[in-house]
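The values are calculated or read from the model by the stated rules, or taken from the named source; none is laboratory data. Here the structure is a predicted model, which is why all the values come from computation and not from measurement. Because the Cβ atoms are built from the backbone with ideal geometry, glycine has one as well, and the counts that use them run over all protein chains shown. We work out accessible area using only protein heavy atoms, side chains counted, and drop any ligands, DNA or RNA first. Shrake-Rupley method; radii C 1.70, N 1.55, O 1.52, S 1.80 Å.
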Amino acid sequence: MLDVTELSRAYGQGPAAHLAIADVTFSVERGELLTIVGPSGCGKSTLLRCIGGLLAPTSGGVVLNGAPVTRVPDRLAVVLQDYSRSLYPWLSVADNVALPLRRTVKGRTARRAAAVAALETVGLADAARRHPWQLSGGMQQRVAIARALACDPVLLLMDEPFGSVDAQTREDLEDLVLAVRAERGITILLVTHDIDESVYVGDRVVVLTGGPGRIRAILRVSLPAPRDQIATRELPEFVHLRAEVSRLVRSGSQAQAQLAGD
Ligand code: ADP
């Protein structure tokens, strides 16, 4: 469904140019949940922005459903870490979720119905009339997820979506994403710096090295479904994979530190 081919992106021009990602190539199957993990600053967000058509690659390209990505594709949704900046405090929860539908869905009633359905999916049907500031951080992030789902996306890009919530809420949100994927069959790319999370939610894990971000490895996660926060994390396969990803991330960032020191 998605092909990323020899993608590179530099910031700045001429001798001052800084290469953020280099020669990144991978494909994603329809309905797959791919996690992207790597040290801070290795270009995870840059990669996601190129895939989402928000940033033009310096070279290489992205093809979604057979069409090159040159602008933000239809039915693509993005969820960012910073929910407090992504929701409008003066709008109700339902109006926040319905807002992006103004371009695609005609009629206030239809938009409202789509928003309520999306809020039901994330377990927040009762919060439709409240305002974001009346909700906890985890609930606000659920609203951001509902807003992404309301436009019925085929591809959902999530950039460190659970970085700002406590551990328990984070686990609940991870399970929510897995449930949504199972229910709707959406293809999801989730960027995280949390190695356990990359293995727990992923079908495959892409490990990036730093400076510039290159693919270090792509690992398949053959853990049974449905995943369970306690039972899955106890499995020898989980323990082995998280150690493997950890080693790959560490060796990538050590190589980067050595290069910086040379
Ligand atoms: P990550 O998401 O893995 O933390 P980013 O994609 O945000 O990494 O950044 C990768 C590299 O590109 C970093 O060195 C960062 O400083 C640089 N960078 C990111 N955005 C910009 C920008 N708009 N202008 C210049 N450099 C940037």
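If you go through region 7-44 and keep only what is within 12 Å of the ligand (Cβ to nearest atom) and open to solvent by 60 Å² or more (accessible area, probe 1.4 Å), you end up with Y11, Q13, A16, H18, L19, S40, G41.
Just one residue in the set V78, V4 is in contact with a Phe, Trp or Tyr (Cβ under 9 Å, 6 or more places away or on another chain), within 15 Å of the ligand (Cβ to nearest atom) and modelled with pLDDT of 90 or more; that residue is V4.
Please find, among R147, R71, R130, the residue that is of a type in the set (K, R) and closer than 22 Å to D175 by Cα. Step by step, each of R147, R71, R130 is checked, and only R147 is of a type in the set (K, R) and closer than 22 Å to D175 by Cα.
Filtering D228, D194, D262, D152 for residues that are at pLDDT below 95, more than 14 Å from the ligand (Cβ to nearest atom) and farther than 24 Å from R75 by Cβ leaves a single hit, D262. For beta carbons closer than 7 Å, sequence separation of 6+ or different chains, a first residue in region 11-25 that is acidic (D, E) and a second that is in a strand (DSSP E or B), the qualifying pairs are D23/E6; D23/S8; D23/R214. Within region 205-225, restricting attention to residues that are in contact (Cβ under 8 Å) with a residue 40 or more places away in the chain and more than 16 Å from the ligand (Cβ to nearest atom), the residue that is surrounded by the most Cβ atoms within 10 Å (Cβ to Cβ) is I218. If you check L101, L47 for being more than 16 Å from the ligand (Cβ to nearest atom), touching a Lys or Arg at 6+ places or on another chain (Cβ under 9 Å) and either open to solvent by less than 40 Å² (accessible area, probe 1.4 Å) or under 30 Å from S246 (Cα atoms) (or both), only one passes: L101.
Could you run through region 155-203 and say how many residues are in contact with a helix residue (DSSP H, G or I) (Cβ under 7 Å, 6 or more places away or on another chain), open to solvent by less than 10 Å² (accessible area, probe 1.4 Å) and in a strand (DSSP E or B)? Selection size over region 155-203: 7.
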